[in-house]
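The values are calculated or read from the model by the stated rules, or taken from the named source; none is laboratory data. Only a predicted model underlies this, so the values are computations on that prediction, with no experimental measurement involved. FYI the Cβ positions are ideal-geometry reconstructions off the backbone, even for glycines, and counts take in every protein chain you see. Note: accessible area is taken over every heavy atom of the protein model, side chains too, but ligands, DNA and RNA are not part of it. Shrake-Rupley method; radii C 1.70, N 1.55, O 1.52, S 1.80 Å.
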Amino acid sequence: MTMKLHVDPIACAGHGLCAELLPEAIELDEWGYPMLAASVPARLRGHARRAVSACPALALRLTGNDDRGEGGPARAQ
Amino acid sequence: MTKKGSVTRLTAGWRRSGRPASLHEHARQHGQLPPLHSGQDLIDEVAAAGLTGRGGAGFPVGTKMRGVAAQRGPKVLVANGMESEPASRKDESLLASSPHLVLDGIELAASAVGAETAHLCLPRTGGGLADLMLKAVEDRRRHQVGTVPVEVRQLPHDYVSSEQTSLVSWLNGGLALPTGSRPRPSERGVGKRPTLVHNVETLANVALIARHGADWFKDEGTQEAPGTMLMTITGAVAEPGVYEMANGALVGDVLSAVQADEDVEAVLIGGYFGTWHQVSEVAGLPFSKAGLAGVDASPGAGVLFALPANRCGLAEAAGIARYLAGQSARQCGPCMFGLPAIAGDLTQLADGRPEGEPLDRMDRRFGQISGRGACRHPDGAVRNAESALSAFAADARAHADGRPCLAARQGRQLPGTEPATQGDWR
Ligand SMILES: Cc1cc2nc3c(=O)[nH]c(=O)nc-3n(C[C@H](O)[C@H](O)[C@H](O)COP(=O)(O)O)c2cc1C
Ligand code: SF4
């Protein structure tokens, strides 16, 4: 199952910690807000989880994660 | 301000003065409020008519009504009469001329989906519109027309405050700001009840379909775009104003019908979230969702602006970008920072005083902004700016090289391009 990152754009305050912890899948735009890769490879699961829990605004979410914990099924937007 | 176009259905009985039709005049024009035999029948009829939403997105109305009707418990109906699109006047004209046609639609749609209350949302700054509607609601109460109580509500008037989740949020006592895509109003809206949100023109069409049926409705327009559409047509035309046109009429025919100047070369289609095009590109296309899809345009709320030959399209687009930047609800970073950034780029370009390479910069920024807000506001702003750069590509190149056209000095014609007063969202 592929994992996907989601950001709540209203909650996100552009702290940018996530991009430091997961540069492979998160890039900041020129204003410091995260742009997310389409999916997160399984080998980065640990880093992705860390990025999610590091967000001070609780704006980041990981879905399609195969063990229990954060996320849940990917939702259609 | 309001004029009849080639068809008179919604506009039947409209007076030049814009005076509202009384309940009596309305009944004489359109007939009495038809009794609702069963909600399902009306929903089926609306679906068979192929009516689509007139608030901008053009979603099939029957499908939406079915979705809400199928939910459990009492529902709520919200009529969207906010018309936050600065280039549009059609909802205001409809309400001010035929208030009872809209109220009939509210009554019928509410009854059909099982709504016990209805809210008519109007802009707080709408002049006498709310008073006029309150009077119409009161007249119906006195004459015992209809059963669903209608509350006339007056909301802050900003571009995003009329988006459906903003309406629901405000009606629930919150701010008139978009709340994102979940939960959908149709599942959990006003008072946590399933809520059907429709544009007022959509509801007026429901009132006509209930009277005359699906086949009658489809006698106008095209198979793909049945019925009529209220259009606000401004710019270089004989009489700017609101027209009722057969849905899916060719853009070129619409321009001829309103006697657009011969030398008009470009148009804005759909409004401030819409797109700029050379007339030669769109003249032969139907003004409908499917008809315009091939050039990435859409009818939106029925806005058509004919750019006068002596005006600069880039300057108009820059004005729109500044307006939309000022209208950001400032909740989402890419919207809050990105829209002023592209508005600045476009303004430099229009003025012929670019810093660096504005075309490359905008190209990169468009990709960084689209799809990254909680609502579609930033997407709409990017779409408009992007389309201007392509419709006026040669001009854009010249402006970028510091050679602005003479027309850029003429000023702009489209309304609402002053810096927006930052909203009070309560
Ligand atoms: C930023 C934004 C502004 C909107 N403004 C309006 C508006 O002024 N009037 C309107 O009817 N719909 C507006 N809409 C669309 C509504 O969210 C909603 O889809 C519509 O009222 C549904 O009615 P319909 O199905 O009859 O089209 C807006 C949408 C967005 C994203
Ligand atoms: S994208 Fe812009 S207008 Fe939409 S919710 Fe976010 S800040 Fe508000």
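Here are the numbers for this structure:
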{"read-out": "Qualifying residue in the range B:402-422 (condition: within 16 Å of ligand 2 (Cβ to nearest atom), open to solvent by less than 10 Å² (accessible area, probe 1.4 Å) and out of contact with any His (no Cβ under 8 Å at 6 or more places or on another chain))", "value": "no"}
{"read-out": "Residue count, the range A:6-36 (criterion: within 14 Å of chain B (Cβ to nearest Cβ), over 22 Å from B:His377 (Cα atoms) and part of a loop (DSSP other than H, G, I, E, B))", "value": "2"}
{"read-out": "Single condition B:Val78 does not satisfy, out of (1) part of a loop (DSSP other than H, G, I, E, B); (2) away from ligand 2 (no atom under 16 Å from the Cβ)", "value": "(1)"}
{"read-out": "Any chance B:Ile233 is within 21 Å of the chain's Cα centre (by Cα), without any contact (Cβ under 8 Å) to a residue 40 or more places away in the chain and open to solvent by less than 10 Å² (accessible area, probe 1.4 Å)", "value": "no"}
{"read-out": "Condition check for B:Arg353: open to solvent by 80 Å² or more (accessible area, probe 1.4 Å), of a type in the set (D, E, K, R) and within 16 Å of ligand 1 (Cβ to nearest atom)", "value": "no"}
{"read-out": "Residue within the range B:60-77 that is buried (at least 23 other Cβ atoms within 10 Å of the Cβ), farther than 25 Å from B:Thr147 by Cα and in the same structural domain as B:Val168 (by TED's automatic domain parsing) present", "value": "no"}
{"read-out": "Selected residue [within 16 Å of ligand 2 (Cβ to nearest atom), of a type in the set (A, V, I, L, M) and buried (at least 23 other Cβ atoms within 10 Å of the Cβ)] from B:Ala321, B:Ala297, B:Ala301", "value": "B:Ala321"}
{"read-out": "Qualifying residues in the range B:15-54 (those that are open to solvent by 60 Å² or more (accessible area, probe 1.4 Å) and in a loop (DSSP other than H, G, I, E, B)) - the one nearest to B:Leu208 (Cα to Cα)", "value": "B:Gln32"}
{"read-out": "Single match in B:Leu346, B:Leu324, B:Leu314 (criterion: touching a helix residue (DSSP H, G or I) at 6+ places or on another chain (Cβ under 8 Å), within 16 Å of ligand 1 (Cβ to nearest atom), among the hydrophobic types (A, V, I, L, M, F, W, C) and at pLDDT 90 or above)", "value": "B:Leu324"}
{"read-out": "Residue match in the range A:36-47 (condition: more than 17 Å from B:Cys335 (Cα to Cα), basic (Lys, Arg), at pLDDT below 95 and surrounded by 15 or more Cβ atoms within 10 Å (Cβ to Cβ))", "value": "yes"}
{"read-out": "Lone qualifier among B:Gly227, B:Gly235, B:Gly248 - being in contact with a Phe, Trp or Tyr (Cβ under 7 Å, 6 or more places away or on another chain) and within 16 Å of ligand 1 (Cβ to nearest atom)", "value": "B:Gly227"}
{"read-out": "The range B:149-159, subset part of a loop (DSSP other than H, G, I, E, B) and away from ligand 2 (no atom under 14 Å from the Cβ), residue modelled with the lowest pLDDT", "value": "B:His157"}
